[in-house]
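Student: Here it is, the structure in full.
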Amino acid sequence: MRIKVVVSSSLPSHVAKLTAVAVDALESDGFVVECVEVPRLGLPDVTSAEHEDTFKRFVLTPGALIESWRIARHLTALTQPGDIVLIPDHRGWGGIFALEQALSDLDECREVWTLSGASVTLASLDMYKVTVGEDDEAQSAIDWELVQYRFSSRVIAMSEAARVGLSSLGIETVVLDPNPVSVEAARRPKPGIIALPEAVARCSHTPEIMRAIVEYLVEYSAAEVVVSTDDADDVVWKRSTWESIPGLDAFGERIWRDPDPCDGASVIVLGNPFSVPPEDVISAYRQGASVLAPAGSLAIALLPSARPWETIDDLVQSLTDPDHGRVHDIPASRVRLLHEFDERWTEPTRARRVSVGIPVHGDVSYLESCIESVVTQTARPHEIVLYDDGSNSVVVSTKIDTLVKRHAGLARAITAPNRGVCAARNAIIESFTGDAFVLLDSDDTLDSRFIESCVTAMRARPAVGAVATWTEFFGGYEGIEAKPPFDARVGLRENPIVSTAVLVDMSVWTRDIAFAEDMAFLYCEDWHVWSQLVAAGVEFGLVPRPLVRHRVHPASGAKRRTDVALAIGTARATEPLRGEWVR
């Protein structure tokens, strides 16, 4: 079986090493591996005008997201439908591509596999026990790493630590043990030089390791410690990680920093559970040095004689007792990937009758262009409902009557007393006769492929009950602010769906889900509804293309909303995701 593995000169060295280890294991499993090189910069030579325009119009969009989108363009050009494509999880590299393939037509999709172990998500879980970005870019990387995991056909873990970490997030993995490093029987180490070859950093657990070594040195004063000269800024304390390590004075002259810490070392201590051990570590290991590495780490899987540690006490005991934690001839537990795949299935009968609802109040300046964008869809809507929310205006009623007559058999009108946009939307949904619906503001427009693209995405993944797209702003503000799919994690932070134009499967809209009428003045009423859907177990899909055009003008909600309204609206909108009111 052939698999295409994504590589690039722009990948950090630790990701490249992890990929090489995976390639070696896959080839041992019988796969024919073909490396697909993604250029460091730019779009493919043959790029559509639409993609060129999108690339130029990204604004206020994190670099991790733009890079994932750019890589997706290359992978679409470099692969064919039916290919198996393996992509590292680094910074959500394959997030957009996995999303596009999972929500595309079965005949057009690739099988996306994710190689886990190099992600911000796993590092964050290991260091902090939560997924938290150190800045906006890291936060975006986590967002798209989680998208990549969730929408991949298969997630491969190269270590037990990666499997456990992803399992805590509800991500199922296939464990693929790496080919172990061959070595003759290791000599019993002698107390002497203890080397810490990894960069001094929180992800290497340097502070914990140093605390253990301090305790060890109390008893074994002859030991010396050599630490790598590579250092990293600490994201918890406002100084370098090296400077944040307490008790360094206790080492006296028995500690120094060296660019080649493994030279002559009898004991090597590793702390990063996901990284491939450096070549100098492997060389020292082959020469008989004792290696201590985190339990479940990739190093433990690669180095059969390495000894696992979990806590500071465990590490101290491993340093004082050469036999503590020793692993004796444990055979590799390789899980072969060459078996029948779970066949992807679709639901072609979903969203056959898409209803479109448009509430109107007072202003019909843009209504005609809005309607025109609906009736010219490549997938014809089932019905269009124009809802006059108590405008009491001859101009409004005349315009609505004219449009209904122009599109007789497709459009119909409802007139009711003014109760606000939330009540209007609830009434529109109650009147629909379709099996899926879209609510559209009267001053916005849809790309002609909106319904077709969203319906394809909904049919491709049975768990998806609602599908959004990216939004293009125009008018008083222009650009494309790309966002991740709506889920509980993202929804607690922000509303990534700018417009109310979301395709919703009517079967997921229950009596307990509705627009809250008293939130009409807060302009967070749609956020509140999406939160209700997610809280009810609905999965959101996303078509990562700007298929909704949102008009920005002086009367736009965002222009009129105060900071207080936003704060109140955010608290109300996220309440379903927290399970209790914030008072």
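The values are calculated or read from the model by the stated rules, or taken from the named source; none is laboratory data. Please read these numbers as outputs of a predicted model, since none were measured by experiment. No Cβ is skipped: glycine too gets one built from the backbone with ideal geometry, and neighbour counts run over all protein chains shown.
Student: Out of the residues in segment 1-19 meeting the condition of being assigned to a loop (DSSP other than H, G, I, E, B) and under 25 Å from the mean Cα position of the chain (by Cα), tell me which one is farthest from residue 73 (Cα to Cα).
Tutor: Step by step, filter segment 1-19, then rank; the result is 12.
Student: Would you mention how many residues in segment 115-138 are assigned to a helix (DSSP H, G or I) and charged (D, E, K, R)?
Tutor: Residues that pass the stated criteria total 3.
Student: State all residues of segment 74-90 that are closer than 11 Å to residue 113 by Cβ and either assigned to a loop (DSSP other than H, G, I, E, B) or among the small types (Gly, Ala, Ser) (or both); if no residue qualifies, say none.
Tutor: The answer is 83, 89.
Student: Quick check on residue 22: is it assigned to a helix (DSSP H, G or I) and within 26 Å of residue 203 (Cβ to Cβ)?
Tutor: When the stated conditions are applied, residue 22 passes them.
Student: Moving to a separate point now. For segment 205-213, check the following and say yes or no: at least one residue is in contact with a Phe, Trp or Tyr (Cβ under 7 Å, 6 or more places away or on another chain), crowded, with 17+ Cβ neighbours inside 10 Å and at pLDDT 85 or above.
Tutor: no
Student: Take segment 442-485 and flag every residue that is outside any loop (DSSP other than H, G, I, E, B) and surrounded by fewer than 19 Cβ atoms within 10 Å (Cβ to Cβ).
Tutor: 452, 474, 475, 479
Student: Do the conditions hold for residue 544, that is, is it touching a Lys or Arg at 6+ places or on another chain (Cβ under 6 Å), under 23 Å from residue 145 (Cβ atoms) and at pLDDT 95 or above?
Tutor: Answer is no for this residue.
Student: Anything in segment 227-241 that is outside any loop (DSSP other than H, G, I, E, B), surrounded by 16 or more Cβ atoms within 10 Å (Cβ to Cβ) and of a type in the set (Ser, Thr, Tyr)? List them, or say none.
Tutor: Selection gives 228 alone.
Student: If I filter segment 115-138 down to residues being in contact with a Ser or Thr (Cβ under 9 Å, 6 or more places away or on another chain) and among the polar types (S, T, N, Q), which single residue comes out as surrounded by the most Cβ atoms within 10 Å (Cβ to Cβ)?
Tutor: 116
Student: Can you work out which of the residues in segment 229-244 that are of a type outside the set (D, E, K, R) and under 17 Å from residue 272 (Cα atoms) is modelled with the highest pLDDT?
Tutor: Per the stated criteria, the residue is 229.
Student: Yes or no: residue 301 touching a Cys at 6+ places or on another chain (Cβ under 9 Å), buried (at least 24 other Cβ atoms within 10 Å of the Cβ) and either modelled with pLDDT under 95 or farther than 25 Å from residue 207 by Cα (or both)?
Tutor: In short, no.
Student: Shifting gears a bit: Return yes or no: is residue 455 modelled with pLDDT of 95 or more and either touching a Gly at 6+ places or on another chain (Cβ under 9 Å) or on the phi > 0 side of the Ramachandran plot (or both)?
Tutor: no
Student: Still on this model: Can you find a residue that is at positive phi and either in a helix (DSSP H, G or I) or among the polar types (S, T, N, Q) (or both) anywhere in segment 376-399?
Tutor: Looking through segment 376-399, at least one residue is at positive phi and either in a helix (DSSP H, G or I) or among the polar types (S, T, N, Q) (or both).
Student: Looking only at segment 529-574, which residues are among the hydrophobic types (A, V, I, L, M, F, W, C), part of a helix (DSSP H, G or I), more than 30 Å from residue 50 (Cα to Cα) and in contact (Cβ under 8 Å) with a residue 60 or more places away in the chain?
Tutor: 533, 573
Student: Enumerate the pairs (first residue in segment 440-451 and among the basic types (Lys, Arg); second residue anywhere and crowded, with 21+ Cβ neighbours inside 10 Å) with beta-carbon separation below 7 Å, excluding pairs fewer than 6 apart on the same chain, so at least 6 apart or on different chains.
Tutor: So the pair list comes out as 449/547.
Student: When segment 282-323 is examined, which residues are found to be among the aliphatic types (A, V, I, L, M) and either part of a loop (DSSP other than H, G, I, E, B) or touching a Leu at 6+ places or on another chain (Cβ under 7 Å) (or both)?
Tutor: Selection gives 289, 291, 292, 293, 295, 299, 303, 306, 315.
Student: Quick check, is residue 410 more than 28 Å from residue 553 (Cα to Cα) and over 36 Å from the mean Cα position of the chain (by Cα)?
Tutor: yes
Student: Kindly establish whether residue 47 is in a loop (DSSP other than H, G, I, E, B), surrounded by fewer than 21 Cβ atoms within 10 Å (Cβ to Cβ), within 18 Å of the chain's Cα centre (by Cα) and polar (S, T, N, Q).
Tutor: In short, no.
Student: Mind listing whichever residues of segment 25-44 are assigned to a loop (DSSP other than H, G, I, E, B) and either under 23 Å from the mean Cα position of the chain (by Cα) or among the acidic types (Asp, Glu) (or both)?
Tutor: 29, 38, 39, 40, 41, 42, 43
Student: Follow-up question, since we're still on this one. Pick from 526, 512, 518: which is of a type in the set (D, E, K, R) and assigned to a loop (DSSP other than H, G, I, E, B)?
Tutor: 512
Student: Ok, one more. When residue 71 is evaluated against the numbered criteria (1) assigned to a strand (DSSP E or B); (2) touching a Phe, Trp or Tyr at 6+ places or on another chain (Cβ under 8 Å); (3) β-branched (Val, Ile, Thr), which criterion, by number, is the only one it fails?
Tutor: (1) is the only condition that residue 71 fails.
Student: Among the residues of segment 559-574, which ones are in contact with a Leu (Cβ under 6 Å, 6 or more places away or on another chain) and within 11 Å of residue 531 (Cβ to Cβ)?
Tutor: Within segment 559-574, just 574 meets the criteria.
Student: Condition (residue is in the same structural domain as residue 284 (by TED's automatic domain parsing), within 24 Å of residue 302 (Cβ to Cβ) and in contact (Cβ under 8 Å) with a residue 24 or more places away in the chain) applied to segment 229-250: is it met by at least one residue?
Tutor: yes
Student: What number goes with the only condition from (1) over 30 Å from residue 237 (Cα atoms); (2) out of contact with any strand residue (DSSP E or B) (no Cβ under 9 Å at 6 or more places or on another chain); (3) in contact (Cβ under 8 Å) with a residue 40 or more places away in the chain; (4) assigned to a helix (DSSP H, G or I) that residue 107 does not pass?
Tutor: (3) is the only condition that residue 107 fails.
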